[in-house]
Amino acid sequence: MLQISNLSKTYPNGVQALKDVSLTISNGMFGLLGPNGAGKSSLMRTIATLQDADTGTITFNGINVLTQKQELRKTLGYLPQEFGVYPRVSAEEMLHYIARLKGITNDKERKELVKALLEQVNLYNHRNKFLGGYSGGMKQRFGIAQALIGDPKLIIVDEPTAGLDPAERLRFNNLLSEIGENIVVILSTHIVEDVSELCNDMAIIAGGKVVQRGVPQEMLNAFGGKIWSKQVAKDEVAGVQEQHRLVLSKLSGGKMVVHIYSDTDPGNGYVQEKATLEDIYFANIS
């Protein structure tokens, strides 16, 4: 179990990236959802021991993450948002190198591990190809392979599907689902659909604060019967925002559609909608 308590972080330029963040995260896929600049990457880097917090504590299975960094790294797999590769090295060679760095010195054991990882991420047939020739999705799957070395109990993936095409995104999400059953996997993203499809627990972070936390389906149930939609002209959106709690506005089929939150029927042509995680997300960050 990962326990984060009252964590705060302010950078030297005065930006307060984290403001008294507290979360308890158990085994399974946990979604950390928020817009760019919300503090997601700052939280992930702090958990991954890449930066210190100003105040607060983080513990994982008895390890004090902020003071026992080396102990946490032994059980951590991390795929950062910006994941660079050596372009003139093959996937197989690179995994052997990383495995050696993680203390797997027995040649037979390491060879079996690398083969199993390449098969798990569906890259075995491309094992001798230079990493520089990999597509974005292949690089991300390679990133998961390197993160799995050492049998980690905590895996952090930061914006893993940003920039992937739909097919690669689906393959990557399927892979995350497979590995996230018996360990803690934190998926940090601004893509609502990824969290909706993958995670059984989640939090929404905005402005460095946790603004919503819970099981996605329970959140949806709480919004049940309270989302109403209507087609409006673009110049009418501001008026809607003045009269109602505007959740989101979007173009659909060339027309502007607004979603509002209301406990009762607002009338005036509004139609009740089934709440989505997108509605909950925008209701919390707007």
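The values are calculated or read from the model by the stated rules, or taken from the named source; none is laboratory data. A quick note: this is a predicted structure, and the numbers were derived from the prediction, not measured. Quick reminder, even Gly has a Cβ in these numbers, built from the backbone with ideal geometry, and neighbours come from all protein chains shown. Only protein heavy atoms, including side chains, enter the accessible area calculation; ligands, DNA and RNA are left aside. Shrake-Rupley method; radii C 1.70, N 1.55, O 1.52, S 1.80 Å.
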Mind listing whichever residues of region 140-164 are among the charged types (D, E, K, R) and either within 11 Å of LEU76 (Cα to Cα) or more than 17 Å from the chain's Cα centre (by Cα) (or both)?
ASP151, LYS153
Residue by residue through region 74-119, note down the ones that are assigned to a helix (DSSP H, G or I) and of a type in the set (A, V, I, L, M, F, W, C).
ALA91, MET94, LEU95, ILE98, ALA99, LEU101, LEU113, VAL114, ALA116, LEU117, LEU118
Positions within region 104-119 being over 21 Å from LYS129 (Cβ atoms) and touching a residue at least 12 places away in the same chain (Cβ under 8 Å), in sequence order:
ILE104
Candidate set from region 167-203 (those that are under 12 Å from the mean Cα position of the chain (by Cα) and small (Gly, Ala, Ser)); member that is modelled with the highest pLDDT:
ALA203
How do the strands (runs of 3 or more DSSP E) wholly within region 182-286 filter down when requiring 1 or more residues that are exposed (fewer than 14 other Cβ atoms within 10 Å of the Cβ) and on the phi < 0 side of the Ramachandran plot: which remain?
227-232, 245-252, 255-261, 271-273
If PRO152 passes every condition in (1) open to solvent by 30 Å² or more (accessible area, probe 1.4 Å); (2) closer than 19 Å to PRO80 by Cβ; (3) assigned to a loop (DSSP other than H, G, I, E, B); (4) not small (Gly, Ala, Ser) but one, which one does it miss?
(1)
Going residue by residue through region 48-55, is there one that turns out to be in a strand (DSSP E or B) and open to solvent by 70 Å² or more (accessible area, probe 1.4 Å)?
yes
With the first residue restricted to region 160-178 and required to be in contact (Cβ under 8 Å) with a residue 60 or more places away in the chain, and the second required to be hydroxyl-bearing (Ser, Thr, Tyr) and open to solvent by less than 10 Å² (accessible area, probe 1.4 Å), Cβ contacts under 8 Å at 6 or more apart or on different chains are PRO160/THR189; ALA162/THR189
Hey, can you tell me all the residues within region 68-102 that are touching a residue at least 12 places away in the same chain (Cβ under 8 Å), more than 24 Å from SER188 (Cβ to Cβ) and open to solvent by 50 Å² or more (accessible area, probe 1.4 Å)?
TYR86, PRO87, ARG88, GLU92
